[in-house]
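The values are calculated or read from the model by the stated rules, or taken from the named source; none is laboratory data. A quick note: this is a predicted structure, and the numbers were derived from the prediction, not measured. Cβ: placed from backbone, ideal geometry, glycine included. Neighbour counts: every protein chain shown. Quick note on the areas: whole protein, heavy atoms, side chains included, nothing else; ligands and nucleic acids left out. Shrake-Rupley method; radii C 1.70, N 1.55, O 1.52, S 1.80 Å.
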Amino acid sequence: MNSRCYSFFFALLSSLTVIALAYDPDTLQDLCVADHTSGIKVNGFTCKPESNITASDFFFAGIGKPAVVNSTAGSAVTGANVEKIAGLNTLGVSLARIDYAPGGLNPPHTHPRATEVIFVLEGELDVGFVTTANKLFAKTVKKGEVFVFPRGLIHYQKNNDKAKPASVISAFNSQLPGTQSIAATLFTATPTIPDHVLTTAFQIGTKEIEKIKTKFAPKKV
């Protein structure tokens, strides 16, 4: 291996080290299957006794078929994270399936703990993310194509076919990436964000703020 190859190798190794340190910490043992019944709070989940671990702790069948989409935005997210797969605890990875109704939207949101990579299973989507410099990177992606959303940046996906559904598989470099939907976070926070903060931020009146809040209120059954 020549000096140029060595330089490239060590640069790549350094980059991977920085990435690893930036996200979920590495595991210090073979297995730390999450004990969802434990009341102890740690950065992650405590480990269940190894004698109680089974193959089922590493299995989940929930993203094999489309979810029922009944949200007003027209999308449904099925997570395959540590809350569903206990064996993911400390492994720093997870998946999700997102299904979109015709014309459906996964509204602008962020994942504070992970970068997201989507793989389009069916359909065609308009996707994009916005940097901290307020620059939009947007593209149309089709079946079999991949798109990346950097960690923490606001992003969205929109099914641009008004006649057919679409779906993607999302991969994350975190066992529990977290999701903050921008509109829902601002208008349904508990306790509520003061109206004068929202009216100043959006340069609209209190009546408009209250009208927006009603759009996000839970539907009465």
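Remarks
- Residue 155 fulfils the conditions (1) assigned to a strand (DSSP E or B); (2) closer than 16 Å to residue 113 by Cβ; (3) open to solvent by 40 Å² or more (accessible area, probe 1.4 Å) except for a single criterion, (3).
- In the stretch 191-203, the residues that are assigned to a loop (DSSP other than H, G, I, E, B) and open to solvent by less than 60 Å² (accessible area, probe 1.4 Å): 193
- Count of the stretch 105-157 residues which are out of contact with any His (no Cβ under 8 Å at 6 or more places or on another chain) and not aliphatic (A, V, I, L, M): 25
- Some residue of the stretch 172-190 being outside any loop (DSSP other than H, G, I, E, B), surrounded by 12 or more Cβ atoms within 10 Å (Cβ to Cβ) and in contact with an Asp or Glu (Cβ under 9 Å, 6 or more places away or on another chain): yes
- Of the strands (runs of 3 or more DSSP E) lying entirely inside the stretch 113-152, those containing at least 3 residues that are open to solvent by 80 Å² or more (accessible area, probe 1.4 Å) are 136-142.
- Applying the criterion of being in contact (Cβ under 8 Å) with a residue 12 or more places away in the chain and open to solvent by 70 Å² or more (accessible area, probe 1.4 Å) to the residues of the stretch 53-69, the residue that is nearest to residue 92 (Cα to Cα) is 58.
- Identity of the residue in the stretch 19-52, modelled with pLDDT of 90 or more, of a type in the set (Ser, Thr, Tyr) and assigned to a loop (DSSP other than H, G, I, E, B), that ends up surrounded by the most Cβ atoms within 10 Å (Cβ to Cβ): 46
- Across the stretch 70-112, the number of residues qualifying as in a loop (DSSP other than H, G, I, E, B) and in contact with a Phe, Trp or Tyr (Cβ under 8 Å, 6 or more places away or on another chain) comes to 9.
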